[in-house]
Amino acid sequence: MSYLAKNYNRKKISFKYGKGSFLYSTNGKKYLDFVQGIAVNSLGHSHPKLIKTINTQSKKLWHVSNAFQIPEGEMLAKKIAKRTFADYVMFQNSGAEATEAAIKVARRHFYSIGKPHKNRILCIKNSFHGRTLAAIYASGSKKMTEGFGPKINGFDHFEFGNHKSLKKKITKNTAAIMVETIMGEGGIKVIPDWCLKDLRKICNQKNILLILDEVQCGIGRSGDFFAFEKSKVKPDIVPIAKGIGGGFPIGAVLMNKKVAEGMTAGTHGSTFGGNPLAMAVGNQVMDIIANKKFLTNVKNISKYFLLKLNQLKYKYPNVIKEIRGKGLLIGLQIYTDQNKFIKKLMENKLLTIRAAENVVRILPPLNVKKSEIDLALKIIKKVCSESN
Ligand SMILES: Cc1ncc(COP(=O)(O)O)c(C=O)c1O
């Protein structure tokens, strides 16, 4: 009898401990963990530097209210601002909180410049921005919103890749376009650079803001610090979470000066957001991941992994339909049943997770070793041959 609510369909497996890319189950088995808490443990399990940081900070100070200065948070915000487009950072605890706060920042900007009617957010249909009430209505997904009415107003939707429909949906009331730079839950769909540039152009022409949700694809996951970086597009607002905490819950909204001006004292807050313990970990994660050499390694290992996966696709054209993704945010779109395929991978000691469009999502830690990629490839190949 479990007293946990039944809102998750949990697999019958639990873990005692983890080390790097591996998880060790309570029944004594070793798994290659290519879920990593869904792109959360960016540096794998039990990273020695993160353990040291959290141990040191836990003996000093865990929590103080945001009513006081928090030097660890000041330091992390500075590091993020120096490394990215952002002028200001507002810390939260999770991805959904960060996307909600991003929506608030956009609306508040127009309110503060005397245009409160500009408050609607234009999103991709069936995208994913989290599970709070506003975030589920931002997603435009029937499955996520069913039974949670009344509808939260203020969101419009366009089809992925359809810029004509997007342009039609923009009205005088549109405040922002909010998209995931790489759609994660939606099936690992990468928004191409030309498309991001076009989005920026449309936003400039129509005087609306661009919000790029990098909760899943940010913080090195794409091989660049942010997935939009190579496009040279500058968003106005970017919610982040997952990878920045390396397993510790952290969320944040990054914003440029123009929009940050609307967020005056008292307009937003969070009891836990930006606490010293979380900030100490965030600083350490940032020091490791925002390093050029580290990101080059992510790119190189990704190139190798994607090449080998494409070779498998060529070898098993009846099993693998498409290899999707960028960096270490990878999707195998398959022909056979997604859940059965994931189950077979798990029976062979490789953990993966589903995404929409019959995609098997593969999320190694960013510091994964080549030998671990080779092990995963061996298991995927075996399951492909058995599914052929
Ligand atoms: C793109 C994106 N935005 C927001 C969220 C919500 O994050 P959280 O589950 O931390 O609330 C997620 C979570 O998967 C996500 O992938």
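Testing residue 194 on (1) surrounded by fewer than 24 Cβ atoms within 10 Å (Cβ to Cβ); (2) touching an Asp or Glu at 6+ places or on another chain (Cβ under 8 Å); (3) aromatic (Phe, Trp, Tyr), one condition comes back false. Which one is that?
Condition (2) is where residue 194 drops out.
Residues of region 107-147 being within 13 Å of the ligand (Cβ to nearest atom) and in a helix (DSSP H, G or I), which ones?
Listed by number, the residues that qualify are 133, 134, 135, 136, 138, 139, 144.
Quickly run through region 220-252 and pick out the residues that are within 12 Å of the ligand (Cβ to nearest atom) and open to solvent by less than 10 Å² (accessible area, probe 1.4 Å).
221, 227, 238, 239, 240, 241, 243, 244, 245, 250, 251, 252
Which one of the conditions (1) away from the ligand (no atom under 16 Å from the Cβ); (2) open to solvent by 30 Å² or more (accessible area, probe 1.4 Å); (3) under 30 Å from residue 267 (Cα atoms) does residue 40 fail to meet, given that it meets all the rest?
It is condition (1) that residue 40 fails.
Being crowded, with 20+ Cβ neighbours inside 10 Å and away from the ligand (no atom under 16 Å from the Cβ) is the filter here; which residues of region 79-106 pass it?
Scanning region 79-106 gives 80, 84, 86, 89.
Being assigned to a loop (DSSP other than H, G, I, E, B) and either farther than 22 Å from residue 198 by Cα or within 12 Å of the ligand (Cβ to nearest atom) (or both) is the requirement here; does residue 153 meet it?
Yes: the conditions hold for residue 153.
So for region 195-209 (the condition being in a loop (DSSP other than H, G, I, E, B) and closer than 18 Å to residue 155 by Cα), does at least one residue qualify?
Taking region 195-209 first, the residues in a loop (DSSP other than H, G, I, E, B) are 207-208.
Still in the list and also closer than 18 Å to residue 155 by Cα: 207-208.
Yes - at least one qualifying residue is present in region 195-209.
With respect to residue 260, is the statement that it is in contact with a Lys or Arg (Cβ under 6 Å, 6 or more places away or on another chain), touching a residue at least 40 places away in the same chain (Cβ under 8 Å) and more than 16 Å from the ligand (Cβ to nearest atom) true?
So residue 260 does not fit the description; no.
Residue 347 is checked against (1) in contact (Cβ under 8 Å) with a residue 12 or more places away in the chain; (2) over 18 Å from the mean Cα position of the chain (by Cα) and fails just one. What number does that condition carry?
(1)
The values are calculated or read from the model by the stated rules, or taken from the named source; none is laboratory data. Keep in mind that this is a model prediction, so the values were computed, not measured. All Cβ positions, even for glycine, are placed from backbone atoms using ideal geometry, and neighbour counts span all protein chains on display. Protein only, heavy atoms only, side chains kept; ligands, DNA and RNA dropped before computing areas. Shrake-Rupley method; radii C 1.70, N 1.55, O 1.52, S 1.80 Å.
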